[in-house]
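What follows is calculated from the coordinates using simple rules that are stated; it is not laboratory data. None of these values were measured; they are calculated from a predicted model. For neighbour counting, all protein chains shown are included, and Cβ atoms are generated from backbone atoms with ideal geometry for every residue, glycine included.
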Amino acid sequence: MANIKATMTDIRVIIREFSRGTSLREMERKLKLSRTSLRNYRDRAEASGRSMVDLLSLNDAELQAIMLKGDGHRGRDADRYAFMQENVEEYAKDMTRKHMTYDVLYEEYLRATDNPYGYTQFKAIIQEYEKNHDYKYHNVYEPGREMQFDFAGDNLWIVDKETGEAIQAIVLVCVLPYSMLSYVTALPNAKMEYLFQVRNPDHGRPVNPFKIPLKRYSFTY
């Protein structure tokens, strides 16, 4: 059986299965964890003196102190884990900020605690939180039914290679959601007159709203 890392979500599933009386063989098949690992978790749960139902009522920091104690490379120090649980929601929100990366966020984390996780574990905890709180609606599309479009990313500059004139431009991305066929173009601004030019091109010829010959375009940002 592969050495699969059990998350706190996995641990709660394991305890719930124990409380239901599920056999080790069935849990091994369902959870893709070895029976040896499952016995270890069962033994730790029983050694705590709490019922399986009581264990499920604990918060993550309390539960991991019981169930992951002495787990070697899988172990999570209780204080470090508690700190992350207090701040992981904010870290996940920070990752939605423009230009934020895990490297930058990890540097902020190092300044906030004197008992940090390594970079890989820090990133994994945030991604686990994001996965468990990612509420997405599944859309169903029909071929040719609709087109989606939005303005994306930072503004660009279009430079006339002959005159050096620079014109600021925004980036429009259009997508046919069924096929994911995409079209990207630069526009002077988001006014409707330019948007309609893109949606209704001149007999398939490229739209050029910048009054600069296409061969003289140079993009920068």
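The modelled label-to-label distance between T9 and R145, using points 7 Å beyond Cα along the C-beta direction, is 2.8 nm.
The separation of the range 145-195 from the range 31-67, counted between C-alpha centres, amounts to 54 Å. Assuming R0 = 41 Å, what is the FRET efficiency of S48 and E193, from their Cβ-Cβ distance, to the nearest 0.05? My answer for the efficiency is 0.05. What distance in nm lies between label points placed 7 Å from Cα along the C-beta direction at M100 and A166? That separation, rounded to one decimal, is 2.9 nm. Here's the list of aspartates and glutamates a cross-link from K191 could span, going by alpha-carbon distance under 16 Å and ignoring same-chain residues fewer than 8 apart: D150.
In plain terms, the chain from D114 to N132 could stretch by 3.7 nm, reckoned as 0.36 nm per residue minus the Cα-Cα distance.
By its C-alpha gyration tensor, with a ≥ b ≥ c as the square roots of the eigenvalues, how is the range 77-136 shaped: rounded for a/c under 1.5, else prolate for a/b larger than b/c, else oblate? Cα axes put the range 77-136 in the oblate bin.
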